[in-house]
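Data block below; observations after.
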Amino acid sequence: MYRILFVALVAVLGTNSVQAAVLAPQRPSQTVRVSSSGAICGVGLAVDTMRVPGALDVPIAIPAGQVLVLTRVLISGGSVPNTKGTGRLAVQGGSFVAGIDLGSADMYGFIGGDDSFSPGVVIRSSEVPLCAVIDGGFGAGTVLRVEGWGYFAKDK
């Protein structure tokens, strides 16, 4: 439904790209869904909660010696009608993690999209919570929903 045009990784690509075969989850308890509690981060929405199999939403906590590998992210929200936008996931106040082309907002201002990352985007415990924002030529939009899916893997 949505066109996905690009994915950008953190500036130091070598430290944040991984090989899927090496880090693929070995058991269901390693899989995780991340989302927002509704907390604000600058002009965006904080990605600060996670749900692991059999649990409720809890604050993101990456186990010691592990990383979170995001394999899919969805960002949606509101902006100026009929304008193009980009969803951006970043470390709060710092590094750019990934970008998602959201296409154009409809006549009511709704804009959204999702993208899969292969082999995945590595997030370390020092990089959470993340911040999701919507950017465009019009300025910042309002993020209403952000979700991501991935798994825990051993840090190299």
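The values are calculated or read from the model by the stated rules, or taken from the named source; none is laboratory data. Treat the numbers as computed from the prediction; the structure is a model and nothing was measured. In this analysis, Cβ positions are derived from the backbone assuming ideal geometry, glycine residues included, and neighbour counts consider all displayed protein chains.
Is it true that Val67 is over 18 Å from Ser36 (Cα atoms) and touching a residue at least 60 places away in the same chain (Cβ under 8 Å)?
Criteria met by Val67.
Could you say whether any residue in the range 122-145 is under 15 Å from Gln92 (Cα atoms) and of a type in the set (Lys, Arg)?
Within the range 122-145, one or more residues are under 15 Å from Gln92 (Cα atoms) and of a type in the set (Lys, Arg).
Across the range 99-156, what is the number of residues that are assigned to a strand (DSSP E or B) and of a type in the set (Gly, Ala, Ser)?
12
Check Thr71, Thr49, Thr83 and return the single one that is β-branched (Val, Ile, Thr), surrounded by 15 or more Cβ atoms within 10 Å (Cβ to Cβ) and at pLDDT below 85.
Just one listed residue meets the conditions, Thr83.
Would you mind finding the one in Ala98, Ala90 that is at pLDDT below 85, under 15 Å from Ser35 (Cα atoms) and buried (at least 20 other Cβ atoms within 10 Å of the Cβ)?
Being at pLDDT below 85, under 15 Å from Ser35 (Cα atoms) and buried (at least 20 other Cβ atoms within 10 Å of the Cβ) holds for just one of Ala98, Ala90, which is Ala90.
When the range 126-151 is examined, which residues are found to be modelled with pLDDT under 85 and either touching a helix residue (DSSP H, G or I) at 6+ places or on another chain (Cβ under 8 Å) or of a type in the set (Asp, Glu) (or both)?
Correct list: Asp135 only.
Would you tally the residues in the range 114-141 being among the polar types (S, T, N, Q) and within 15 Å of Ile100 (Cα to Cα)?
Here the count works out to 2.
Would you check if there is a residue in the range 123-145 being touching a Lys or Arg at 6+ places or on another chain (Cβ under 7 Å), surrounded by fewer than 20 Cβ atoms within 10 Å (Cβ to Cβ) and of a type in the set (A, V, I, L, M, F, W, C)?
no
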